[in-house]
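Student: Supplied in structure tokens, the structure appears directly below.
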Amino acid sequence: MTHTEHPTLTVLDHPLIRHKVSHLRDRRTPKKRFRELAEEIASLMAYEVTRDLPLAQVEVDTPLETTRGWQIRGKKMVVVPILRAGLGMVDGIVRLVPGARVGHVGLYRDEDTLEPVTYYFKIPGEAGGRDFVVVDPMLATGGSAVEAVRLLKDAGAGSVRFMCLVAAPEGVEAMAEAHPDVSVYAAALDRELDERGYIRPGLGDAGDRLFGTR
Ligand code: PRP
Ligand code: URA
């Protein structure tokens, strides 16, 4: 449902998502389960995020007769993880949308300035006619998401959505200000950012928990 205080935000609060997000937050959840949960939640979210993809009517031959059917219209959707942590959501989405293309945006947050630094950008051609879904588990200050969407728009992307597991109000506001046309989907909207730019209560450092780097 669209959030009353944040018109660009939809919090997907299905009971299964809320249950799984609570396990994801738990500091005792082992890395293997953390990875599985990130994928499972991304799959459940993808079901809603793709709700308004356009359809074209087609004919289908059943064993008995020809009937009317539907297929997703237009160019293949593109999932764009923000490296690294966004990679943890890709398989969950592609499982649901097997024809999706995958682009990559390499960004990291400078730990002192919290500003995003770009180190990689690769997306499929003909960006104008495609639906892009940028994915990153964490929307904190919003710097990385705002920059990733800007890079996609500069490359000619037509429609862009942003999907995260946990959002801070500060990040949602930064996205709404920079990209009011981009819908943001989150599995949870948390209380605040702390002085180090971590989401509270949050789930810690998503990249480190996914890849075991701390
Ligand atoms: C984390 C996270 C987001 C970013 C969010 O990545 O995965 O990309 O921080 O913060 P922001 O909203 O303040 O920009 P990080 O920079 O730690 O890189 P990593 O994915 O390589 O761990
Ligand atoms: N990036 C993370 O991985 N976690 C946070 O809480 C904020 C940014």
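The values are calculated or read from the model by the stated rules, or taken from the named source; none is laboratory data. As the structure is a prediction and not an experimental result, all values here were calculated from the model. Cβ coordinates were reconstructed from backbone atoms using ideal geometry, including for glycine residues, and neighbour counts include every protein chain displayed.
Student: Return the pairs, sorted by first residue and then second, in which the second residue is within 8 Å of ligand 1 (Cβ to nearest atom) and of a type in the set (Lys, Arg), the first residue lies in segment 202-214 and is within 12 Å of Ala85 (Cα to Cα), the beta carbons are less than 7 Å apart, and the residues are 6+ apart or on different chains.
Tutor: So the pair list comes out as Gly207/Arg84; Phe211/Arg84.
Student: Could you check Asp190 against (1) within 11 Å of ligand 1 (Cβ to nearest atom); (2) over 17 Å from Leu107 (Cα atoms); (3) buried (at least 17 other Cβ atoms within 10 Å of the Cβ); (4) more than 14 Å from the chain's Cα centre (by Cα) and say which number it fails?
Tutor: Status for Asp190: all satisfied but (1).
Student: While we're here: Which one is farthest from the chain's Cα centre (by Cα), of the residues in segment 165-187 that are more than 12 Å from ligand 2 (Cβ to nearest atom) and of a type outside the set (A, V, I, L, M)?
Tutor: The qualifying residue farthest from the chain's Cα centre (by Cα) is Glu177.
Student: Next up: For the condition of a type in the set (A, V, I, L, M) and farther than 23 Å from Ser159 by Cα, what is the one hit in Ala100, Ala38?
Tutor: None of the other options fit; the residue is Ala38.
Student: If you don't mind, another one. Pick out, from segment 95-157, the strands (runs of 3 or more DSSP E) lying fully within it that include 1 or more residues that are at pLDDT 95 or above and within 16 Å of the chain's Cα centre (by Cα).
Tutor: By residue number, 104-109, 131-135.
Student: Right, another one. Could you list, in sequence order, all residues of segment 192-206 that are within 6 Å of ligand 2 (Cβ to nearest atom) and outside any loop (DSSP other than H, G, I, E, B)?
Tutor: Correct list: Ile199, Ala206.
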